[in-house]
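Some notes on the structure that comes next.
Read-outs throughout are calculated quantities, based only on the coordinates presented, and are distinct from any laboratory measurement. For clarity, every value in this text was computed on a predicted model and none was experimentally measured.
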């Protein structure tokens with residue numbers, strides 16, 4: 001680390017603290033040549049995960065976009081925000097745990113639906129209707145029948 005005052009490359013760390021958000025470490029340093037103090041910050045480089053959409057296009061994984069989709073699916077449902085954050089955390093952690101920097105939206109969508117199905121069936125059907133692009137009411141009915149464990153068309 002070069003001193004911003006004299007350019008000398010030797011210093012000592014006087015104090016280290018984690019930032020309020022926990023995303024950086026703030027270090028107070030003192031130049032061993034001129035004795036002046038300065039501050040440096042260390043941040044972890046984030047890995048730029050990409051999602052591969054159904055049409056083959058790629059875009060950056062957006063945690064907020066995923067959360068907005070969950071919020072819409074759970075609108076007016078008794079689902080705590082912390083549960084939705086946990087789902088997004090799980091999916092993001094799976095991205096970090098894989099060696100691939102790309103994941104298909106199909107894989108992400110299936111993970112979300114699995115979590116929603118176990119948590120709130122109405123939210124699951126809402127999410128599935130958008131994610132799977134239901135074309136008519138029959139697709140809704142089939143999804144609901146599969147939730148209820150019914151497969152015959154007479155009911």
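If you average the C-alpha positions of segment 102-152 and of segment 45-97 separately, how far apart do those two centres end up, in angstrom?
A separation of 16 Å, based on Cα centres.
Quick one, which of [x] 16.5, 63; [y] 16.5, 67; [z] 24.1, 86 is the actual Rg and Dmax of the Cα atoms in Å calculated for this model?
Computing Rg and Dmax of the Cα atoms in Å and matching it to [x] 16.5, 63; [y] 16.5, 67; [z] 24.1, 86 gives [z].
Does segment 72-138 come out rounded, prolate or oblate by the C-alpha gyration tensor, with a ≥ b ≥ c the root eigenvalues, rounded set by a/c under 1.5 and, if not, prolate when a/b is larger than b/c and oblate if not? Don't jump to the answer; show the numbers that get you there.
Numbers: a/c = 2.95, a/b = 1.33, b/c = 2.22.
Since a/c reaches 1.5 but b/c is at least a/b, the shape of segment 72-138 is classed as oblate.
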